[in-house]
1. Given the conditions (1) at pLDDT below 90; (2) more than 25 Å from residue 96 (Cβ to Cβ); (3) surrounded by fewer than 15 Cβ atoms within 10 Å (Cβ to Cβ), and given that residue 1 satisfies all but one, which numbered condition is not satisfied?
2. Every residue in the range 9-22 that is surrounded by 17 or more Cβ atoms within 10 Å (Cβ to Cβ) and part of a helix (DSSP H, G or I), please.
3. Does the range 23-34 include one or more residues that are out of contact with any helix residue (DSSP H, G or I) (no Cβ under 7 Å at 6 or more places or on another chain) and among the charged types (D, E, K, R)?
4. Could you count how many residues in the range 21-53 are within 23 Å of residue 68 (Cβ to Cβ) and over 14 Å from the mean Cα position of the chain (by Cα)?
Amino acid sequence: VLSFIIFICYIASLAASFMMAPLLEFLLALFLFFAYASKLNEKFKGLYWPLTDFLRCVTAAIIYFAISIAAVSKYSDGASKAAGVFGFIATIVYAIDFYITFNDLVTFLKQGSADPPEGRKSE
């Protein structure tokens, strides 16, 4: 929801060139929500879903922080300032999500390393 609000603010501002980043983050979040809700993560075991979510959170936090600094410092209209402030809030939210997802990723990787590889099983 926050990414969609930032997208709308960038459309209404002079900093319309930054609108692609919140739109992509919104669509990625929507896809991952759909994937988890429809249990696609259980059907496609080859893809490390916690790692995908982890990388999305890290890149979103970095990108939102960078474009928020640019929007607040370079543009003077109200919509750009609002998008920058919401971008800083989104940076904090994605950083918290990054921390939670990192803990899930570590748990996921520890479960995967507990299973012995096929070549090491004894007869």
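1. (2)
2. Pass one, the range 9-22, residues surrounded by 17 or more Cβ atoms within 10 Å (Cβ to Cβ): 9-10, 13, 15, 18-19, 21-22.
Matches in the range 9-22: 9, 10, 18, 21, 22.
3. To start, the set of residues in the range 23-34 that are out of contact with any helix residue (DSSP H, G or I) (no Cβ under 7 Å at 6 or more places or on another chain) comprises 24, 27, 30-31, 33-34.
Cutting the leftovers down to among the charged types (D, E, K, R) gives us none.
Taking every residue of the range 23-34 in turn, none turns out to be out of contact with any helix residue (DSSP H, G or I) (no Cβ under 7 Å at 6 or more places or on another chain) and among the charged types (D, E, K, R).
4. Pass one, the range 21-53, residues within 23 Å of residue 68 (Cβ to Cβ): 21-30, 32, 53.
So of that shortlist, the ones also over 14 Å from the mean Cα position of the chain (by Cα) come out as none.
So the answer is 0.
The values are calculated or read from the model by the stated rules, or taken from the named source; none is laboratory data. From a predicted model like this one, the values you see are computed outputs, not experimental measurements. FYI the Cβ positions are ideal-geometry reconstructions off the backbone, even for glycines, and counts take in every protein chain you see.
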